[in-house]
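Q: Here it is: the structure, laid out below.
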Amino acid sequence: MTGSRTVRTTLTRQGVAVRDNAQRTIPAIKFERGQFVLYRDPEMFWSGQAGHTFVCRVHRAWLEGTYDLVAVATGRFVHHASGDYMRLLPPVDAMRDIDTAPLNTDGAADDMTAAAIAWLTQQHATANHRPELPAQRD
């Protein structure tokens, strides 16, 4: 679910409150369990530490609008992450190399990742015959 909220700010100049008429729109996104997100750890970022931004999977959504995340590469658990520091990683971006691959040209496979080639190979194998169930174990 996406939407937006408008934020108006009040500045204090020389001890007098002055309304800032500039508006900025902040996306109000509700993330769901299982979605992949890019998370930026604000404490690490603002303190200048390396490794502050990484890919996570949403583990749990809390009612107050925070999220528990699991870092994909390390398994690190992030408690109560703010959605303001998260960006959705859409599946369409992850699958772009497969969706746009020029399949009918010389060297087409050179431009695709190994995962894309494996997926296409699997699709070709199952498209030409009916997939079989594994044999039952006793």
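Q: Would you list 89, 63 from the most to the least accessible area, probe 1.4 Å?
A: Values: 89 65, 63 180 Å².
Ranked list, largest accessible area first: 63, 89.
Q: Normalise the Debye intensity by I(0) for segment 29-101, one equal point scatterer per Cα, no solvent, then take log10 at q = 0.19, 0.22 Å⁻¹ and round to two decimals.
A: The calculated log intensity ratios at q = 0.19, 0.22 Å⁻¹ are -0.76, -0.94.
Q: Follow-up. Whenever you get a sec, line up 80, 59 from highest to lowest accessible area (probe 1.4 Å, protein heavy atoms).
A: Greatest to least solvent exposure: 80, 59.
Q: With an 8 Å cut-off on Cα pairs and a minimum separation of 6 or more residues, tell me the relative contact order of segment 29-101 in percent.
A: 30 percent
Q: Still on this structure: PRE reach from residue 33 (point 7 Å along Cα→Cβ): which of segment 56-75 fall under 20 Å by backbone N?
A: 56-72, 75
The values are calculated or read from the model by the stated rules, or taken from the named source; none is laboratory data. Only a predicted model underlies this, so the values are computations on that prediction, with no experimental measurement involved. Counting neighbours? That spans all protein chains shown, and the Cβs are built from the backbone with ideal geometry, glycine included. With ligands, DNA and RNA removed, areas are computed over all heavy atoms of the protein, side chains included. Shrake-Rupley method; radii C 1.70, N 1.55, O 1.52, S 1.80 Å.
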